[in-house]
Protein chains: 2
Amino acid sequence: MDKYVIGIDFGTLSARALLVHAKSGEEIADCEYKYPHGVMDDNIPCGKKLNRDWALQHPQDYLDALARLIPRVIKKADLTPDDIIGIGIDFTACTILPVLNDGTPLCFLPEFMQNEHAYVKLWKHHAAQDKANKINNIADRRDESWLIRYGGKISSEWSLPKLLELKEEAPDVFSKMAYFIEAGDWLTWLLCGNAQRNACAAGYKGLWNKKDGNPSKEFLRELDPELENIYETKMGLPVKPSYERAGLINKKGSLLTSLNEGTAVSMSNIDGHACVPAASITAPGKMLLILGTSFVHKVLYTEEKAIPGICGVVEDGILPGYFGYEAGQCGGGDHFAWFIENSVPYKYYIEAKEQGMDIYGYMRSKASGLKAGESGLLALDWWNGNRSVLVDADLSGLMVGMTLRTKPEEIYRALVEATAFGTKTIIDNFISSGIPITEIVAAGGIAKKDPLLLQIMSDVTDMPIYIAHTPYASALGSAIFASVAAGSESGGYDDVYEAIRNMGKVDDFVYKPNKENVDIYKRLYKDYRVLHDYFGRGGNDVMKRLKDLAKQHD
Amino acid sequence: MDKYVIGIDFGTLSARALLVHAKSGEEIADCEYKYPHGVMDDNIPCGKKLNRDWALQHPQDYLDALARLIPRVIKKADLTPDDIIGIGIDFTACTILPVLNDGTPLCFLPEFMQNEHAYVKLWKHHAAQDKANKINNIADRRDESWLIRYGGKISSEWSLPKLLELKEEAPDVFSKMAYFIEAGDWLTWLLCGNAQRNACAAGYKGLWNKKDGNPSKEFLRELDPELENIYETKMGLPVKPSYERAGLINKKGSLLTSLNEGTAVSMSNIDGHACVPAASITAPGKMLLILGTSFVHKVLYTEEKAIPGICGVVEDGILPGYFGYEAGQCGGGDHFAWFIENSVPYKYYIEAKEQGMDIYGYMRSKASGLKAGESGLLALDWWNGNRSVLVDADLSGLMVGMTLRTKPEEIYRALVEATAFGTKTIIDNFISSGIPITEIVAAGGIAKKDPLLLQIMSDVTDMPIYIAHTPYASALGSAIFASVAAGSESGGYDDVYEAIRNMGKVDDFVYKPNKENVDIYKRLYKDYRVLHDYFGRGGNDVMKRLKDLAKQHD
């Protein structure tokens, strides 16, 4: 009898459940649940105002998502809970909350409901930047061995800055909580009763390392004497890889989800990393490129290398037996959105309308009519700063080559090319550090929608680009891990790679480099790199001076 | 009894006559005549096609302009020819035509009507670039003394490249013509019977110099043996300053214009240079800034200095007793027009309409609401290349500092600021070469219309900016010289400076630097200059490589 698994992808604004065949990975049904509280960046439910840079969520939304999505997606597939052998979830990260030792979120308690620190701090909560700076300074001075794994600098989005923020700014919440836990881990705990940390989030966002464990007590003592033992106490849950089983649905989990008790639950995963199995990547050489508002890059390798300017490297962080590397571009599709919003002239809207196209499609079609190099433009893709390989949020955009004949579609295309040059810079950084990359698999919202970007990306990188077949790559990745958690005895897989080979899929159509364009983009990329180093590595810090000046008016 | 003079400004698309009081300079009447043939850049009247870069005019249009404008403007002022004591004209330059020794243009002869070289070559006829290159190379190798007076490089727009073009590409026209003459000089010849060259055009566009005369025979022989004696033959007319009398209207001139025989005619002038007297500039220290699609800068000084990157320096070229210096920015208002045309989003058009503003006014009002430095943007104003001080048409635009929060009005303001930084660079170049500048007088189409540009220009240069009172500064300048040509006996002036003091005018309102902005712009200008030198002086020739690449697709 056919068996099925469910993957649930918890995104920033909604959760999506995907029900797939536990052997073939065929997608049977999906449904989405929008969080009623969305992103709380203005106030918490009692009306209390939040400062700038805050971003919270309400944990009730996640519970409601589970309770509604699972019965609904099973019904939509015309199945029953008996047909479901496993469930897996992936989550944004680091999205983290303080809970009691029975798992109750502190914000559910009347005494903390009005304390903003008792809620979920969403990944893009940026208010702990001063804490991140403090951590970076101390780690850098002490030459902490883990720092290089994160390209030499950790982000305010990660768990330790958020923990320090709690400790310093909400000591009552800090003292009351039993655990400070990733939301994904909190959910698997509620489902199966086992409180654990998934190695992916622990590794990429929590400074955990398979060999060295957590940051040293000496470091923590210097950071804050009261945090010395934090990884044995409030951050002290056991770590387990995301591709392993977290446990089995227990009574409470069954009540919450309507799934049968005993259904397998895989460890939680980070949403982006869950795309790797969905994109059918099982070995080094193939880079996953997630194309969204920002771009994210994941690649596997057999050894650990010190690579400047990456986001992180985690052993078994993505798939067993490999070091999983992550890099990223702070800006990707948001460059194009910025352009569409701010720089498309009136007449183009009229023309688009006359031709029955949306403005994105119209700009893409105009830009597609241009040849590589024809615009005479070159840009640096730093409108939102640079993550890899410069790790500098204070960099900004640049465009050169404009003349009185420059057309909007040329500027649009130059922005697309710039993001491709940014990806090429990351690929070259990996390759020159000894990590081979010869092919790309693209996933994410833009991958299916923007052939112009994909072709330019292929021409610039001189690599074939495969496209992840599913539009819901994270959810499919979670479903694949659910099938592994269930095991072959129940109708799933025992081996994660066998599961990926059968359940992950790419489209038949492959973007292949156009030789003529490859040669032209090689020339342009050379100039991109000169500008990249001049403006990004201290040759001319004008971008920082401009930002400083602009900030005086904030 | 009150006497009057007429100034006629021959522009690129039309001529404008301005009738003013010969003593006070009060503007009584004006009218305009659009050239029926306009700019011929596609074909000549017989239908023959023109190559790219060609720009011709028909001399009949100038005659028709004189014949129509003069009676019309006199009638409009309710006066008669008896009231008119002088006429002066200014012209675009180098706008030049081949004529017989009675002044007949070769294009009027049936045998040459179908030869494009027989027509007027307009200032912006750019087809002789290869000839200009040849001249520059030989002059540079021979270290010709005149080259430095033109910033080290002459333009394809000037008379010698156009002459060489004629000689090489139309030997029959070359051999038939008696003179190759500036259109302005041709008209004064027709009016008063004296064939002469005005020192302004001869100096700024014709390589003539008061001390050294014309380029040497040795140089000319090397350029082309047949041109060795050209400045004694076909270019051999006597040179006379623009502020002197050309002659008196003769019978033919009277028939053409309806003016009385004996009416004084001043020497022709270049249109931009004619603005200097109209802007009431009579001494060093005050720079005339002509604000149009491009920007032009004129300043007087008592000595000749070798200044890199200027357009030219001519003794008595603007006013008697001074060396007149000219510099320029290839791009000025055309940057703003490019932006309005290509980069203003849909919603801004809607908002402008709702507020009853035109889109320029709306963008200016939004950009005016920003503070100096607030945008975080900085641009190089080279969309149309750089004239002064880099003399490099192959440079292009640059903008740095864009973020996802960057708004269209910020980009617009950055372009305005960039043109001001460009002017400041030219001023600093003059000052560091020993030419004092402490005040600016602005003229030209934008001067009265764009308070945002003027205020930013004042803040960036840290100088007060006066505004030429008349919107028709060239025509008024020609009228002032006409009054001098007439002399005090007829009701005009004997002294050109006395005429200027009485007839030239600036507005009461003066733009004054805002101290707070001055300090911020000093910081930004420092960065502008670093980028200016990096991209403009060989630090990074990316702009040229991008243009080369783009040209391959032309």
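The values are calculated or read from the model by the stated rules, or taken from the named source; none is laboratory data. Bear in mind that the values here come from a model prediction, so they are computed numbers and not experimental data. Methodologically, a virtual Cβ is constructed for each residue, glycine included, from the backbone with ideal geometry; neighbour enumeration extends over all protein chains shown. Areas reflect the complete protein model, heavy atoms only, side chains present, ligands, DNA and RNA absent. Shrake-Rupley method; radii C 1.70, N 1.55, O 1.52, S 1.80 Å.
For the range B:118-145, name all the residues that are modelled with pLDDT under 95 and more than 30 Å from B:Gly38 (Cα to Cα).
Selection gives B:Ser145 alone.
Sort through A:Ile8, A:Ile84, A:Ile70 and tell me the only one that's under 17 Å from A:Trp186 (Cα atoms), at pLDDT 95 or above and out of contact with any Lys or Arg (no Cβ under 6 Å at 6 or more places or on another chain).
It is A:Ile8.
Looking at the range B:324-351, which of its residues are in contact with a Leu (Cβ under 7 Å, 6 or more places away or on another chain) and either open to solvent by 40 Å² or more (accessible area, probe 1.4 Å) or farther than 30 Å from A:Glu409 by Cα (or both)?
Selection gives B:Gly324 alone.
In the range A:440-470, what count of residues is obtained for those that are modelled with pLDDT of 95 or more, under 19 Å from A:Asp507 (Cβ atoms) and open to solvent by 50 Å² or more (accessible area, probe 1.4 Å)?
4
With respect to B:Asn502, determine if the residue is in contact (Cβ under 8 Å) with a residue 24 or more places away in the chain and over 27 Å from the mean Cα position of the chain (by Cα). Please lay out each step first, then the result.
On the way: in contact (Cβ under 8 Å) with a residue 24 or more places away in the chain: yes; over 27 Å from the mean Cα position of the chain (by Cα): no.
Criteria not met by B:Asn502.
Sort out for me the strands (runs of 3 or more DSSP E) sitting completely within the range B:1-60 that have 2 or more residues that are open to solvent by less than 70 Å² (accessible area, probe 1.4 Å) and in contact with a Phe, Trp or Tyr (Cβ under 6 Å, 6 or more places away or on another chain). So that I can check it myself, show each step before the final result.
Working: elements: B:4-10, B:14-21, B:27-34.
Of the strands (runs of 3 or more DSSP E) lying wholly inside the range B:1-60, those with at least 2 residues that are open to solvent by less than 70 Å² (accessible area, probe 1.4 Å) and in contact with a Phe, Trp or Tyr (Cβ under 6 Å, 6 or more places away or on another chain) span B:14-21.
Which members of the range A:544-554 meet the condition of being within 7 Å of chain B (Cβ to nearest Cβ), part of a helix (DSSP H, G or I) and open to solvent by 10 Å² or more (accessible area, probe 1.4 Å)?
Answer for the range A:544-554, where residues must be within 7 Å of chain B (Cβ to nearest Cβ), part of a helix (DSSP H, G or I) and open to solvent by 10 Å² or more (accessible area, probe 1.4 Å): A:Arg545, A:Lys547, A:Ala550.
Please give the helices (runs of 4 or more DSSP H) falling wholly within the range A:473-543 in which 1 or more residues are within 14 Å of another protein chain (Cβ to nearest Cβ) and surrounded by 15 or more Cβ atoms within 10 Å (Cβ to Cβ). Break it down into steps so the answer makes sense when it comes.
Working: elements: A:473-486, A:496-503, A:515-536.
Answer list for the range A:473-543: A:515-536.
On the basis of being within 14 Å of chain B (Cβ to nearest Cβ), under 21 Å from the mean Cα position of the chain (by Cα) and either over 15 Å from A:Leu524 (Cα atoms) or buried (at least 19 other Cβ atoms within 10 Å of the Cβ) (or both), does A:Thr419 make the cut? Please lay out each step first, then the result.
Numbers: within 14 Å of chain B (Cβ to nearest Cβ): yes; under 21 Å from the mean Cα position of the chain (by Cα): yes; either over 15 Å from A:Leu524 (Cα atoms) or buried (at least 19 other Cβ atoms within 10 Å of the Cβ) (or both): yes.
Answer is yes for this residue.
Check A:Leu370, A:Leu378 and return the single one that is out of contact with any strand residue (DSSP E or B) (no Cβ under 6 Å at 6 or more places or on another chain), over 29 Å from A:Ile270 (Cβ atoms) and aliphatic (A, V, I, L, M).
A:Leu370
Run A:Asn133 past the list (1) free of Cβ contacts under 8 Å to residues at least 60 places away in the same chain; (2) open to solvent by 50 Å² or more (accessible area, probe 1.4 Å); (3) more than 23 Å from the chain's Cα centre (by Cα) and report the number of the one that doesn't hold.
It is condition (3) that A:Asn133 fails.
Yes or no: the range A:324-345 includes at least one residue that is farther than 30 Å from A:Ile480 by Cα and away from every other protein chain (no Cβ under 14 Å).
no
Would you check if A:Thr95 is closer than 24 Å to A:Leu227 by Cβ and crowded, with 24+ Cβ neighbours inside 10 Å? Quick ask: steps written out before the conclusion?
On the way: closer than 24 Å to A:Leu227 by Cβ: yes; crowded, with 24+ Cβ neighbours inside 10 Å: yes.
Criteria met by A:Thr95.
When residues of the range A:361-391 are filtered for being more than 13 Å from chain B (Cβ to nearest Cβ) and surrounded by fewer than 18 Cβ atoms within 10 Å (Cβ to Cβ), how many remain?
Quick first cut of the range A:361-391, residues more than 13 Å from chain B (Cβ to nearest Cβ) only: A:361, A:364-365, A:367-368, A:387-391.
Cutting the leftovers down to surrounded by fewer than 18 Cβ atoms within 10 Å (Cβ to Cβ) gives us A:361, A:365, A:368.
Residues in the range A:361-391 being more than 13 Å from chain B (Cβ to nearest Cβ) and surrounded by fewer than 18 Cβ atoms within 10 Å (Cβ to Cβ): 3 in total.
Could you list, in sequence order, the residues of the range B:145-203 that are in contact with a Phe, Trp or Tyr (Cβ under 8 Å, 6 or more places away or on another chain) and hydroxyl-bearing (Ser, Thr, Tyr)?
The one that is in contact with a Phe, Trp or Tyr (Cβ under 8 Å, 6 or more places away or on another chain) and hydroxyl-bearing (Ser, Thr, Tyr): B:Ser159.
Looking only at residues in the range B:193-215 that are at positive phi and touching a residue at least 40 places away in the same chain (Cβ under 8 Å), which one is least open to solvent (accessible area, probe 1.4 Å)?
Out of the qualifying residues, it is B:Leu207.
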